[in-house]
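All of the numbers you see were taken from the coordinates with simple rules; none came from a lab. Here the structure is a predicted model, which is why all the values come from computation and not from measurement. In this analysis, Cβ positions are derived from the backbone assuming ideal geometry, glycine residues included, and neighbour counts consider all displayed protein chains.
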């Protein structure tokens, strides 16, 4: 059973929440390349380790919150509200994992190259 | 209720499969079939094998490249297969 400590409701089972994807995704501003725009729309990090995520307390207070979860152990390491600073996460007790690599920039293939 | 079950399917943002090279050399993917892949497996295996053997996608699957999420040429199949995607 995975538990999330909702900042408003307290400790609840994860089935009360809906996963809201990667936290901290920022829409690029100004002129952007197709690669950067495609990355923003469709590509997300999938680290083997601690991931910052958005969760929606669907069957509770229906607020959005942020969670730091270890994707291998499902351990919830931190929970914080929007507008709050990301708390210091103590990962000493978790097995060290490599940092998520930056996504390789996709090369745009033109129609001429594909045919 | 006598029984219930649930599963997980992989669905791309446009609900169409991805049959493609990847930015990683030697890594190819054939996925994102959602709930509609079983009947397509013989055909997709055939064209995927062509891709692996030659390094070039046959014309039939070129639109299903991973690149479509960068170029914007999505294949919107959200209404296909009469299932909720």
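Estimate the FRET efficiency between residue B:9 and residue B:46 by the formula 1/(1 + (r/R0)^6), using the beta-carbon distance for r and 35 Å for R0, to the nearest 0.05. If you can, show how the numbers build up before the last one.
Working: r = 22 Å, r/R0 = 0.64.
Calculated value: 0.95.
Please work out the Cα center distance from the stretch B:50-75 to the stretch A:1-63, rounded to the nearest Å.
Rounded to whole Å, the Cα centres lie 29 Å apart.
Of A:75, A:84, how do they rank once you tally other Cβ atoms within 10 Å and put the fewest first? Can you show the working numbers first?
On the way: A:75 14, A:84 11.
Final ranking by Cβ density, sparse to dense: A:84, A:75.
Name the shape class, rounded, prolate or oblate, that the alpha-carbon gyration tensor gives for chain B, where a ≥ b ≥ c are the square roots of its eigenvalues, rounded holds for a/c under 1.5, and otherwise prolate holds if a/b is larger than b/c and oblate otherwise.
Prolate, because a/c is 1.5 or more and a/b exceeds b/c.
What angle, in degrees between 0 and 90 and rounded to the nearest 10, separates the Cα long axis of helix B:41-54 from the longest principal axis of the Cα atoms of chain B?
20
Can you work out the FRET efficiency for the pair residue A:9 and residue A:88, with r the C-beta to C-beta distance and R0 = 35 Å, to the nearest 0.05?
The value I calculate is 0.90.
Return the calculated 222 nm mean residue ellipticity for chain B, to the nearest 500 deg cm²/dmol, obtained by summing -39500 (n - 2.57) across DSSP H runs with n ≥ 4 and dividing by the residue count.
-6000 deg cm²/dmol
For chain B, what relative contact order do you get, as a whole percent, if you take Cα pairs closer than 8 Å and at least 6 residues apart?
32
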